[in-house]
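Below is one structure, written out as structure tokens, with a few remarks after it.
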Amino acid sequence: MRNPAAAALLGLAVSTTAPLALAEGWSFPALTGDNYRAEPTLALIGGQLDPDVTGADADDLWGLELSLNCPLIQPPSNRIRQQASLTRYDDQGLKITSLEINPHYVVPVSEHMELGFGPGVGIMKVDSNGNDETLLGLQAGVSLHYRRDAFFFGAEARYQITDKEDFGAGKVDVDNSRVLLKVGINL
């Protein structure tokens, strides 16, 4: 990884998560536990991505997301929700296709609503005026989910930092912030 800040965030996440897996009451691997239920959700994502790139503006972001209770690790109370998303952004010659995994620790705030937060990792295919590069991204996000029977509605905000690559005018990153809305079905 060429970005020292990204490497530090990844190292911190791994070093602080591993001991939690050994703490009393945590399930690892969670999917082998008697109480594990995947509870998958499929959702359409729409929102705004605002890249920190000269000449690119905040514009529409669209995609799909599949989420489920994390099969690897679950806490003794609340839960970890694994979110895998594929998104697309296209503005003024900058095209970003991103595949991401974002585990969120979620806490119920009412009978049908939960608040979540967590890190994430993604791989991005970036095309800037004909120069294609693949970048690694690390992100942090906060989410709010409403679930009732088969209906799902969510909102999320994320900030992502990325590697630097040469797009023809020197090495630049594609750090960005996002605000997302999600509508889907609980399977």
Practice task
Those residues that are basic (K, R) and more than 19 Å from D59 (Cβ to Cβ), I need them from region 150-178; list them, please.
Solution key: K164, K171
Problem - Residue check, R178 out of contact with any Ser or Thr (no Cβ under 8 Å at 6 or more places or on another chain) and surrounded by 15 or more Cβ atoms within 10 Å (Cβ to Cβ) - result: yes
Problem - Complete set of residues in region 87-111 that are more than 16 Å from L64 (Cβ to Cβ) and among the hydrophobic types (A, V, I, L, M, F, W, C) - result: L94, V106, V107, V109
Practice task
Return yes or no: is V106 more than 12 Å from the chain's Cα centre (by Cα), surrounded by 15 or more Cβ atoms within 10 Å (Cβ to Cβ) and in contact (Cβ under 8 Å) with a residue 24 or more places away in the chain?
Solution key: yes
Fill in the blank from the handout: Exactly one of R147, R88 is among the charged types (D, E, K, R) and more than 20 Å from D57 (Cα to Cα), and that residue is R147
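For (1) farther than 30 Å from K164 by Cβ; (2) modelled with pLDDT of 95 or more, each residue gets a yes or a no:
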residue: G47; (1), (2): no, yes
residue: W62; (1), (2): no, yes
residue: A84; (1), (2): no, yes
residue: D90; (1), (2): no, no
residue: K95; (1), (2): no, no
residue: N102; (1), (2): no, yes
residue: V109; (1), (2): yes, yes
residue: H112; (1), (2): yes, yes
Completion exercise
Selection from region 27-53 of residues free of Cβ contacts under 8 Å to residues at least 12 places away in the same chain and assigned to a loop (DSSP other than H, G, I, E, B) yields D34, N35
Problem - Residue, surrounded by the fewest Cβ atoms within 10 Å (Cβ to Cβ), within region 26-59, restricted to residues that are of a type in the set (D, E) and over 24 Å from C70 (Cα atoms) - result: D57
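The values are calculated or read from the model by the stated rules, or taken from the named source; none is laboratory data. All figures in this text were calculated on a predicted structure; none of them were measured in a lab. Glycine also receives a Cβ, built like all others from the backbone with ideal geometry; neighbour counts cover every protein chain displayed.
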